[in-house]
Amino acid sequence: MFTNIGGKFVYSHFVTGTGQNLDGRSVIAADFDRDGDQDLILRNLQKIPFQILRNQLPPGHHAIAVKLKGQSPNWDAIGAQVTLTCEGKLQRRQVAAGDSFLGQSPLELHFGLGTCSSMPQLKLRWPDGLVENIAVPLDALTYVERKKGIIKSIPLNPRRELLSSSERIRTQVLSDLKGQKKKIIHSDKAHTIVTLWAPWCDACKAEIPKLKDFTSKHPDSEIAFVVFEEDDVGLVKKTAKGLGISNKTLLGEQSFFNEILKNDEVEIPITIVFDKTGAPMRYFSGKLDEADYRTILLD
Ligand SMILES: [Ca+2]
């Protein structure tokens, strides 16, 4: 792994966690969480046969991705070249099939743009030699069809927006069920798990005992249950008592939820894990599966 620092490429595999003493076979770069940065999928021969390394770039950087549709029989436009120009800088990518042993990168092309924030211009050279020029939106995955132009664009980075909102959670003070004000992150434990729930949410009520049990088995973690229900505090108290979380429940306020829930379609329970500095580490929406529980406290 190399990192481009001021135009110089320096070894960075030890500081990024990508340098590992494993018998690697395949490496695939793909933005699998659609936040605009390239993550890595690794395939190893024996120990840890499959790994996904999520890239956690700080906000403020731009990127685009393009997926090309060619013509019969080469619908995936294998061999097409895309040259991107953004504020005078050029980058070129080619659609390739079979670019890693025992693996295959997605056929979409990813361009990291750093701080370049003008609309990227693309020169498309299709496999049959046809050349087209188009402009594509910044911070989006854009589907482009030969001779038809842009078919659709999907914005990148909804997760980053949620995470940056969740960063504000740690400064929040909310009321507990006795009316006392309490910081959401109020212990010095290594991890604080914050779960947003509601008395009317059956999925939440199914998840809460599991989260409570999980936290009790990990003494270096703390948990807080923030509830979405401002009107019927009696129902909240009754439900929290039934779930055995009365002393861990905090009443959410509308302004608090407005901060977090930019996306109306988000599914509760929402569980966010913070490290001891209050930085968000993980975000889960909906039911957690076994794999989620295995990773919940990983640094
Ligand atoms: Ca990513």
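The values are calculated or read from the model by the stated rules, or taken from the named source; none is laboratory data. This is a predicted model, so every value here is computed, not measured. Note that each Cβ is placed from the backbone with ideal geometry, even for glycine, and that neighbours are counted across all protein chains shown.
If you filter the stretch 193-227 down to residues that are over 23 Å from the mean Cα position of the chain (by Cα) and polar (S, T, N, Q), you find that the one that is surrounded by the most Cβ atoms within 10 Å (Cβ to Cβ) is Thr215.
Any idea how many residues of the stretch 16-33 are within 12 Å of the ligand (Cβ to nearest atom) and more than 18 Å from Gln104 (Cα to Cα)? Outline the logic, then answer.
First, the residues of the stretch 16-33 that are within 12 Å of the ligand (Cβ to nearest atom): 29-33.
Still in the list and also more than 18 Å from Gln104 (Cα to Cα): none.
Total satisfying the criteria: 0.
The set of residues in the stretch 3-32 that are modelled with pLDDT of 80 or more, surrounded by 11 or more Cβ atoms within 10 Å (Cβ to Cβ) and among the hydrophobic types (A, V, I, L, M, F, W, C) comprises Val10, Leu22, Val27, Ile28, Ala29, Ala30, Phe32. Annotation note: Cβ proximity below 6 Å between a residue of the stretch 221-246 that is touching a residue at least 40 places away in the same chain (Cβ under 8 Å) and a residue that is outside any strand (DSSP E or B) and among the hydroxyl-bearing types (Ser, Thr, Tyr) (sequence gap 6+ or interchain) occurs for Ser221/Thr215; Ala240/Ser246.
Selection of first residues in the stretch 24-38 that are farther than 19 Å from Ala96 by Cα and of second residues that are surrounded by fewer than 20 Cβ atoms within 10 Å (Cβ to Cβ) and among the β-branched types (Val, Ile, Thr), restricted to Cβ pairs under 8 Å at least 6 apart or on distinct chains, gives the following pairs, ordered by first then second residue: Arg34/Ile154.
Of the residues making up the stretch 34-65, those that are at positive phi and either within 14 Å of the ligand (Cβ to nearest atom) or β-branched (Val, Ile, Thr) (or both) are Arg34, Gly36, Ile48.
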